[in-house]
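Engineer: Encoded as structure tokens, here's the structure I'll be asking about.
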Amino acid sequence: MTPTPKTCALCSKFRAIIKRPKTGQQICKECFFFVFETEVHNTITEAKLFSRGDRVAIGASGGKDSTVLAHVMKALNERYGYGLDLYLLSIDEGITGYRDDSLETVKRNQQQYSMPLKILSYDELYGWTMDAIVSQIGKKNNCTFCGVFRRQALDRGAAMLKVDHIVTGHNADDIAETVLMNIMRGDIARLGRCTLICTEGEDTIKRSKPFKYAYEKEIVMYAYFKRLDYFSTECIYSPDAYRGHARTFLKDLESARPSAIIDIIHSGEAFEVKEEVRKGQKAQQTCRKCGYMSSNDLCKACTLLEGLEKGLAEARIIDVGGRTGSHEMPPEEPREVTKLDPS
Amino acid sequence: MPRKSKFDKSKTCIKCKTARGNIVIRHAVYCKTCFTPLVVTKYKRCLDPHINAAPDGQRRSTLKASGNLLIGLSGGLGSTVLLDITSRCYFSTKSSTEDGRKGGKAHPKNDRVWKQASVCFVDTSRAFSEGVTKDRSEDIRAMVEQHKEFEFIVLRLEDAFDISWWKQLGGYVPSSDIRANLANEDLVITEAHLQSSDPVASLRSYLSSLPTATAVRSSINTLARLLLLHTARSMQCSHLLLGTSLTSLSISLINSIAQGGGFNVLEESFEEWTPQIARSAQDASSDSPHLAGGVCTVRVVRPLRDIGMKECAAWAWWNGLQVVGKDRTFDPDGKQTIGGLTKDFIVGLERDYPSTVSTIARTCAKLAPKNEPDGQCIVCERPAQRGIQDWKSRISIRSLEPPSPHPPHVASDDPPPISLTPHLCYACHTTLISRSSRSTVQNGAEASLAPLPVWTRSALVESDAADVMGTKRLVDHEDMRNAIGEFLLHD
Ligand SMILES: [Zn+2]
Ligand SMILES: [Zn+2]
Ligand SMILES: [Zn+2]
Ligand SMILES: [Zn+2]
């Protein structure tokens with residue numbers, strides 16, 4: 001028995017070639033591109049993310065999320081006349097053999113999309129490459145360093161490029177996973193923020209996530225059909241076991257019911273931290289060493305650096321909640337030090 | 001976080017500091033004697049502040065509920081322990097001679113907190129075809145009858161589709177059969193002449209038209225919860241107690257969040273429920289038959305919510321409680337549903353990170369819904385948000401065009417279809433429409449016409465209920481016919 005070819009559930013014209021991960025609908029390739037891009041456009045316009053003339057940096061790692069983001073941002077900017085000046089901003093952590101290839105991807109994107117590219121290295125920012133950090137403290141817990149340094153590095157790079165806005169490739173899976181993580185770890189401050197599409201620091205550089213509602217599987221699908229190449233940016237250093245559990249759980253939920261990812265984000269958007277709890281939270285201050293915002297005397301990056309300078313292997317510090325995990329999803333606001341509830 | 005050893009160094013009870021410990025509760029060792037008051041204290045700390053209708057600020061003067069008490073009993077460990085502790089703390093008589101039972105000590109001696117107390121079991125054995133599950137109601141009855149102070153009531157899940165049950169409770173049911181088309185997002189309502197209304201058949205038809213195993217499991221929970229709530233109301237109960245332990249609370253919180261129920265995160269641990277029909281009757285001019293007696297709001301309290309599963313098990317074991325067990329047939333391996341997966345996940349996590357369950361519960365207790373609710377969902381009768389449909393269609397495009405308006409000559413004849421969707425909360429809407437990649441897409445529209453629970457049907461026709469969500473009122477066809485009957489020429 002040969003199954004009759006299905007027609008696309010959206011246009012009813014062309015042959016369906018994919019089952020859409022987000023909705024389960026069987027649709028054609030062109031309709032897939034259209035709905036994927038239009039949903040990102042809806043996300044951007046609903047949140048009023050940009051104004052005409054904004055200088056926007058795309059945090060580009062050469063991985064799938066940011067590669068597809070660069071492509072889609074350029075397409076939408078032209079199609080809908082956003083009037084944005086787009087830049088690529090890349091961070092070189094200084095991990096031998098890990099970043100080299102993906103930086104090539106970014107450089108190729110620079111030419112394809114004719115966007116200016118800025119590459120900043122940990123070495124020039126902090127005087128330490130990740131390789132040097134690892135040789136100092138060993139292979140454990142250095143995801144803490146990566147997460148903290150990367151975020152600050154992006155902010156500093158954005159300041160150098162004089163941009164108003166950084167967009168990152170965080171996708172729906174990352175956000176749903178972060179909602180679950182923050183609940184399980186009791187990180188109430190981050191839980192309140194992690195579903196926000198746009199956050200603005202004191203430095204007035206906005207950061208936002210246009211792929212907030214885009215499924216990871218669909219990002220891969222988009223790259224595949226558009227023939228965009230990218231590199232796996234899974235960190236070669238130790239990942240966070242706890243986040244790993246959450247990720248596996250989320251994948252299981254998704255296979256039980258694909259809408260689970262979007263449903264978790266909806267949940268995260270439907271609640272907020274009670275006002276009386278919010279009032280009790282620590283106020284922000286600035287780091288005495290570098291002036292970056294921080295909830296302590298020293299910001300997290302400076303604390304880590306100070307530890308390194310002293311040669312303290314245990315510099316991984318303070319918070320158990322700081323095992324920050326994968327590079328594709330640096331945790332929200334990792335510059336803050338959170339206290340874990342005493343158990 | 002680094003795993004800690006199971007005990008602290010000492011194996012002596014940290015409370016009395018003399019007896020040898022018998023149980024480890026989150027790294028602290030307790031002896032059997034100290035364990036009992038510890039559990040009772042946690043129980044009362046959770047329940048007592050909710051007993052009096054208005055909190056009286058200072059120390060508990062007198063505990064006096066405004067209505068009766070209903071305990072929901074599933075036969076599982078939690079509710080079995082709940083029944084036992086409740087019986088000891090609030091109903092044990094002074095002449096109780098059983099040793100070690102301290103109940104009643106801190107209570108008004110003569111006056112009971114609740115005038116009447118009942119235990120209610122919801123039997124789910126007929127949800128699927130005959131013979132799959134055993135009806136355990138007699139086993140449970142035998143257990144409850146050891147407590148003479150409680151009346152025992154059996155509800156059946158199919159009562160949710162039973163018009164005579166609903167009428168007994170004072171509910172109104174339209175004379176036509178109202179069904180929802182689960183084949184599309186709008187959940188269009190159709191009316192037909194009332195066919196044979198066998199509740200069991202309707203229940204099975206409802207469950208089998210749901211798109212996922214997750215939806216079946218969640219719907220069974222929702223139906224059972226509403227049966228208990230409506231029963232509580234009809235019995236003038238001010239309180240419904242459920243045996244949710246700390247472990248099961250964490251599981252239900254994550255389960256609810258994973259199904260889009262974030263707006264109702266508070267209701268998972270404490271809920272003040274006012275039935276839809278009471279709300280709509282509040283402004284209506286009096287002739288409402290639904291509100292016999294005064295109690296309209298039922299408080300749902302989970303007094304075991306600070307007590308872990310392990311402590312419940314120890315309590316049951318040391319007190320020789322017989323646990324009948326819950327019905328698990330609708331999700332035998334737990335791998336197919338979000339509820340089952342969540343349970344496995346949390347229980348597994350608790351093994352390695354023992355503070356996880358309490359962290360989840362404490363975190364969620366710090367949350368509140370972001371916006372004011374806009375009416376009540378007519379399936380789960382919890383506060384609902386507005387605009388969920390717009391939100392969904394913006395970020396998951398399922399159709400290239402907005403639904404085209406009908407040409408005028410059709411529209412005038414045929415009023416736009418009435419949709420269930422605007423009356424639902426996000427989670428219930430998701431339950432009814434969200435498919436899994438495994439689910440078989442139903443083709444025939446007939447196949448997915450699902451009967452609806454009696455309270456949902458009632459809410460759809462009750463005018464004010466429909467107005468709560470600011471939508472069209474569904475007028476019962478029989479009512480229409482009565483109103484215009486004299487102008488109709490044929491017949
Ligand atoms: Zn198409
Ligand atoms: Zn600093
Ligand atoms: Zn002791
Ligand atoms: Zn609902």
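Engineer: Against the conditions (1) closer than 21 Å to B:Ala183 by Cα; (2) more than 7 Å from ligand 1 (Cβ to nearest atom); (3) at pLDDT 90 or above, where does A:Cys8 fall short? Just the number, please.
Structural biologist: For A:Cys8, the failing item is (2).
Engineer: Given the options A:Asp297, A:Asp203, name the one that is modelled with pLDDT of 80 or more, more than 9 Å from every other protein chain (Cβ to nearest Cβ) and within 16 Å of ligand 2 (Cβ to nearest atom). Please lay out each step first, then the result.
Structural biologist: On the way: A:Asp203 fails: modelled with pLDDT of 80 or more.
Result of the check over A:Asp297, A:Asp203: A:Asp297.
Engineer: Going residue by residue through the stretch A:186-199, is there one that turns out to be at pLDDT below 85, over 27 Å from A:Ile262 (Cβ atoms) and not acidic (Asp, Glu)?
Structural biologist: No, the stretch A:186-199 contains no residue that is at pLDDT below 85, over 27 Å from A:Ile262 (Cβ atoms) and not acidic (Asp, Glu).
Engineer: Further, regarding this structure: In the stretch A:8-32, how many residues are small (Gly, Ala, Ser) and at the interface with chain B (Cβ under 7 Å from one of its Cβ atoms)? Don't jump to the end; show me each part of the working.
Structural biologist: Taking the stretch A:8-32 and keeping what is small (Gly, Ala, Ser), we get A:9, A:12, A:16, A:24.
Next cut, at the interface with chain B (Cβ under 7 Å from one of its Cβ atoms) only: A:24.
Number satisfying all stated conditions: 1.
Engineer: Of the conditions (1) more than 28 Å from B:Glu401 (Cβ to Cβ); (2) part of a helix (DSSP H, G or I), A:Leu88 satisfies every one except a single condition; which number is it?
Structural biologist: Of the numbered conditions (1) more than 28 Å from B:Glu401 (Cβ to Cβ); (2) part of a helix (DSSP H, G or I), the odd one out for A:Leu88 is (2).
Engineer: So, one more: Considering (1) within 22 Å of A:Ser259 (Cβ to Cβ); (2) touching a strand residue (DSSP E or B) at 6+ places or on another chain (Cβ under 8 Å); (3) part of a helix (DSSP H, G or I), say which one B:Asp186 fails and leave the rest.
Structural biologist: (3)
Engineer: Looking at the stretch B:130-147 only, could you name the residues that are surrounded by fewer than 17 Cβ atoms within 10 Å (Cβ to Cβ) and in contact (Cβ under 8 Å) with a residue 40 or more places away in the chain?
Structural biologist: We begin by selecting, within the stretch B:130-147, every residue surrounded by fewer than 17 Cβ atoms within 10 Å (Cβ to Cβ); these are B:130-132, B:134-135, B:138-139, B:141-142, B:145-146.
Across the stretch B:130-147, the qualifying residues are B:Val132, B:Asp139.
Engineer: Here is a follow-up. Does A:Leu69 satisfy the condition of being surrounded by 18 or more Cβ atoms within 10 Å (Cβ to Cβ), touching a helix residue (DSSP H, G or I) at 6+ places or on another chain (Cβ under 9 Å) and within 14 Å of chain B (Cβ to nearest Cβ)?
Structural biologist: So A:Leu69 does not fit the description; no.
Engineer: Could you please find all residues in the stretch A:181-206 being charged (D, E, K, R) and either surrounded by fewer than 24 Cβ atoms within 10 Å (Cβ to Cβ) or in a helix (DSSP H, G or I) (or both)? I'd like the intermediate steps shown before the answer.
Structural biologist: Step one: list which residues in the stretch A:181-206 are charged (D, E, K, R), which gives A:185, A:187, A:190, A:193, A:200, A:202-203, A:206.
Scanning the stretch A:181-206 gives A:Arg185, A:Arg190, A:Arg193, A:Glu200, A:Glu202, A:Asp203, A:Lys206.
Engineer: Quick check on A:Val56: is it closer than 26 Å to B:Thr430 by Cα, more than 8 Å from every other protein chain (Cβ to nearest Cβ) and more than 16 Å from ligand 1 (Cβ to nearest atom)? Talk me through it step by step, then tell me what you get.
Structural biologist: On the way: closer than 26 Å to B:Thr430 by Cα: no; more than 8 Å from every other protein chain (Cβ to nearest Cβ): yes; more than 16 Å from ligand 1 (Cβ to nearest atom): yes.
Answer is no for this residue.
Engineer: Still on this structure, I have one more. Restricting the search to the stretch A:34-53, which residues are more than 12 Å from every other protein chain (Cβ to nearest Cβ) and either surrounded by 17 or more Cβ atoms within 10 Å (Cβ to Cβ) or within 16 Å of ligand 2 (Cβ to nearest atom) (or both)? Before the answer, list the steps.
Structural biologist: Step one: of the stretch A:34-53, the residues more than 12 Å from every other protein chain (Cβ to nearest Cβ) are A:48-53.
Hits for the stretch A:34-53 are A:Leu49, A:Phe50.
Engineer: Mind telling me which of the residues B:Thr231, B:Thr212 ends up being at pLDDT 95 or above and either closer than 19 Å to B:Ala427 by Cα or crowded, with 21+ Cβ neighbours inside 10 Å (or both)? Reasoning before the result, please.
Structural biologist: Values: B:Thr212 fails: at pLDDT 95 or above.
Going through B:Thr231, B:Thr212 in turn, the sole match is B:Thr231.
Engineer: Identify all residues within the stretch A:72-85 that are crowded, with 19+ Cβ neighbours inside 10 Å and outside any loop (DSSP other than H, G, I, E, B); write none if there are none. Walk me through how you get there before you give the answer.
Structural biologist: Restricting attention to the stretch A:72-85, the residues satisfying the condition of being crowded, with 19+ Cβ neighbours inside 10 Å are A:72-73, A:76, A:82, A:84.
The answer is A:Val72, A:Met73, A:Leu76.
Engineer: Please find, among A:Lys29, A:Lys22, the residue that is within 13 Å of ligand 1 (Cβ to nearest atom) and under 15 Å from A:Val220 (Cα atoms).
Structural biologist: Numbers: A:Lys22 fails: within 13 Å of ligand 1 (Cβ to nearest atom).
A:Lys29 is the lone residue from the list that is within 13 Å of ligand 1 (Cβ to nearest atom) and under 15 Å from A:Val220 (Cα atoms).
Engineer: Right, A:Val163: in contact (Cβ under 8 Å) with a residue 24 or more places away in the chain, touching a helix residue (DSSP H, G or I) at 6+ places or on another chain (Cβ under 8 Å) and among the aliphatic types (A, V, I, L, M) or not? Working first, answer last.
Structural biologist: Values: in contact (Cβ under 8 Å) with a residue 24 or more places away in the chain: yes; touching a helix residue (DSSP H, G or I) at 6+ places or on another chain (Cβ under 8 Å): no; among the aliphatic types (A, V, I, L, M): yes.
Considered against the rule, which asks whether it is in contact (Cβ under 8 Å) with a residue 24 or more places away in the chain, touching a helix residue (DSSP H, G or I) at 6+ places or on another chain (Cβ under 8 Å) and among the aliphatic types (A, V, I, L, M), A:Val163 comes out as no.
The values are calculated or read from the model by the stated rules, or taken from the named source; none is laboratory data. Please read these numbers as outputs of a predicted model, since none were measured by experiment. Cβ coordinates were reconstructed from backbone atoms using ideal geometry, including for glycine residues, and neighbour counts include every protein chain displayed.
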